[in-house]
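Below is one structure, written out as structure tokens; comments come after it.
The values are calculated or read from the model by the stated rules, or taken from the named source; none is laboratory data. Note that the structure is a prediction, hence the values are computed from the model and not measured. Using ideal geometry, Cβ is built from the backbone for each residue, glycine included, and neighbour counts are taken over all protein chains shown. Keep in mind that these areas ignore ligands, DNA and RNA; they rest on the heavy atoms of the full protein, side chains included. Shrake-Rupley method; radii C 1.70, N 1.55, O 1.52, S 1.80 Å.
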Amino acid sequence: MTRTPATRNRPIGTLGPVADLESHLPAEWWRELFDSVYLQTDGDVVENAVNTRHEVDTLLQAASLAPTDRILDLCCGQGRHVMELASRGFGHVVGVDRSRYLIRLARRRGRSQGLPVTFHDGDARRFRVEEGGFDAVIMMGNSFGYFSSPKDDVKVLERVKRALRSGGTFALDITDGDWMRTHYERRTWEWVDQQHFVCRERSLSGDGDRLISREVVVHSERGVIADQFYAERLYSRQRIVELLESLGFQTVRVHQSIEAQSDRGQDLGMMANRLFITATAPRRPVRPAAAGRPPLAVTVVMGDPRMPDTVKLGGQFNAEDFATVRRLKDALAELPGYSFSYLDNHATLDTDLRASRADLVFNLCDEGFDNDALKELHVPALLEMIGIPYTGAGPASLAACYDKALVRAVAAALDIPVPLETFVRADDQSATIPGSFPAILKPNQGDSSIGITANAVVSTPQELVNYLTSMRNTLGARPVLVQEYLTGAEYSVGLLGNPGQELIPLPLLEVDFSGLDPALPRILGYESKWDPKSPYWNDIRYKEADIDPAVARSMIEYSTLLFERLACHDYARFDFRADSDGNVKLLEVNPNPGWCWDGKFNLMAGFGGMSYSGLLQRILESASQRLSTETPDARQAARTAT
């Protein structure tokens, strides 16, 4: 968990003397280190305007960049090189870094200086950019070699290669590993400012491949405020050149060394003596002209408007549903390189799919086969039997996630916080009454908040029994969950992509209940989704979450674990709610979340500046990448072979 500046200024426990630094090194130490204390301890170098200007001078001399070039600063930190380039007239510079603290600081500084710069948080191994979208990628300030495995360093370079246009420039600034092995200082200490000093210890890893460092940061009055370990792989000139060339980079050159300056003039650590390297991205093979390639044939499968739909208001498709479908078709029509057709007649769906010759199915049938939510998994099962690749989760994932109690059990096994809950079987006539109220009742298997109304929140045993009876009369023989009613803020996490490729979180969404009548329970029930006359429809709003970064990160990490464990594909939404003490707990997992223009998933995409058509395109691209759907010809050949 990233420690905020306030937390880092409080005293903490310290390990005292340790015999082996490597045994105390966290595998992902970089998740916690880069915050305000880092800017204090290393500020003499990384907050030094002279160093920044010198490093950018070196870059421009070695790489011959033009102001019109599209430049990505990967592992940009607080954005010092991005802003220096922008101040010199470079108008298309983007920064990406894993530290949300540093990215937020970079955004504030960019706005205060009025510079045309953009910053995103992202993992260097998995950041998403348009293939070939940049003329140059730079990694400045010794930001390479942090991961525990050299394979992850390769992933970073592969990502760089993908981001660069054919023949684009890669610039890398890293510690001179050979020099550092023989010159590192085993123990140092220095005053950072009038109140803080830092003690450092260093040693080589057991295999001699990394330099392990420890910093104990002390406040003169408060005592120890940080005791942290970090490491960096030591690349020699020969080794880094050979690595780049093995990955296809060309014209690899090692330029002049970079020696940092410090206004404290003491321990420069890994910044003391660095290599500056440039390389050219491999030339991409020339693809056939667009006119010679047929578009990817995508069949969109949807709910059937001819049939009843018990989930929708009035049990059938409404004017709002048809308007939503029109919006979808308009958005998809904006996407180049695709040819879309639509299937919504479930009576002939099997025959129509077999005749479609589709390269890919965009599975938007969240209503389920025959508009039966219990049969949502039937559509991907049919597609698998026919042999047509599709977007979104498979049958097993949909079946698992449709069972809320099962999802809760999986989450609990992963140490993900979940609400207290009682499972009431359909034939249970003597249900256990929960020991505390208020509670909320919901069907264990249900979609679109079916069965969850304002009366689902109960405050007494009698109210519970009454609503349980009502649910059985309405929904029939379904198990029911009696959960603790969480009264805190409600959030949604959206993930886009796939594990092992890239899985990116969208900006978090928070449900705004402030306009709702205080007498009504603050829930997102059935009325909020289907009844335009309800206050739940009219008075609830959604906004980008304003939340402690540590809490946001924990929800994203929980969601990522569940995404992989529950075998989600391409996109999924995870809903959380806080209790009265602010502790967030998982509500449910949506493996094929609502795709409509005004749904939560698209709202989250919009918070990040993504258009509705752009979101739909990202889902299609994620599925294509997962399925290796390169071209219609390749996909058709694969289908013919089977």
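Tabulated data
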read-out: Cα-Cα separations in the range 304-383 greater than 17 Å, expressed as whole percent; value: 51
read-out: Cα-Cα over 29 Å, subset of K442/K600; K312/K543; K329/K404; K161/K543; K151/K600; value: K329/K404; K161/K543; K151/K600
read-out: Interchain or long-range residues, amide H under 5 Å from T175's placed H; value: L275
read-out: With Cα atoms, 0 to 90° folded angle of helix 612-627 axis to the chain main axis; value: 80
read-out: Ranked order, V465, V482 - accessible area, probe 1.4 Å, largest first; value: V465, V482
read-out: Integer Hz, Karplus 6.51/-1.76/1.60 couplings in order for the range 504-510, x for Gly and Pro; value: 9, x, 7, x, 5, 9, 10
read-out: Compactness relative to 2.2 N^0.38 Å, alpha carbon Rg of the range 98-248; value: 1.24
read-out: Per-residue SASA entry for R239, accessible area with 1.4 Å probe, Å² rounded to 10; value: 80
read-out: Largest-first ordering by accessible area, 1.4 Å probe, given options D352, D309; value: D352, D309
read-out: Under-5 Å amide H pairs with L496, H placed in peptide plane, nonlocal only; value: I504, L506
read-out: Amide hydrogen neighbours beyond the local backbone of G168, cut-off 5 Å, H modeled; value: A281
read-out: Accessible surface, per residue, of the chain when the full set of protein chains is kept, probe 1.4 Å, Å²; value: 43
read-out: In degrees, nearest ten, helix 237-246 long axis to first principal axis of the chain (Cα); value: 40
read-out: The chain - percent relative contact order, Cα under 8 Å, separation 6 or more; value: 10
read-out: Value of relative contact order over the range 81-194, rounded to a whole percent, pairs C-alpha under 8 Å and six or more apart; value: 23
read-out: Semi-axis lengths (Å, descending) of the ellipsoid that matches the C-alpha gyration tensor of the chain; value: 48, 33, 21
read-out: Three-way shape label, the range 450-523, alpha-carbon gyration tensor, a/c 1.5; value: oblate
read-out: Residue-count net charge about A323 - beta-carbon cut-off 13 Å; Lys, Arg +1, Asp, Glu -1; value: -1
read-out: Accessible area of the chain belonging to carbon and sulfur atoms, whole % at 1.4 Å probe; value: 50
read-out: The range 345-362 - phi-based ³J(HN,Hα) in whole Hz, Karplus 6.51/-1.76/1.60, Gly and Pro as x; value: 9, 6, 5, 10, 4, 4, 4, 5, 5, 5, 8, 6, 6, 6, 6, 7, 9, 8
read-out: In order through the range 485-490: 3J(HN,Hα) via Karplus (6.51 cos²θ - 1.76 cosθ + 1.60), integer Hz, x for Gly, Pro; value: 8, 7, 10, x, 5, 10
read-out: Along each principal axis, Cα extent of the range 239-398, largest first, Å; value: 75, 45, 31
read-out: Cα centroid of the range 337-351 to Cα centroid of the range 13-31, whole Å; value: 57
read-out: Rg/Rh for the range 102-177, where both radii come from Cα atoms and Rh is the Kirkwood radius; value: 1.00
read-out: Cα-Cα P(r), the range 81-130, percent of pairs per 10 Å interval; value: 27, 52, 21, 0
read-out: In degrees, nearest ten, helix 49-63 long axis to first principal axis of the chain (Cα); value: 90
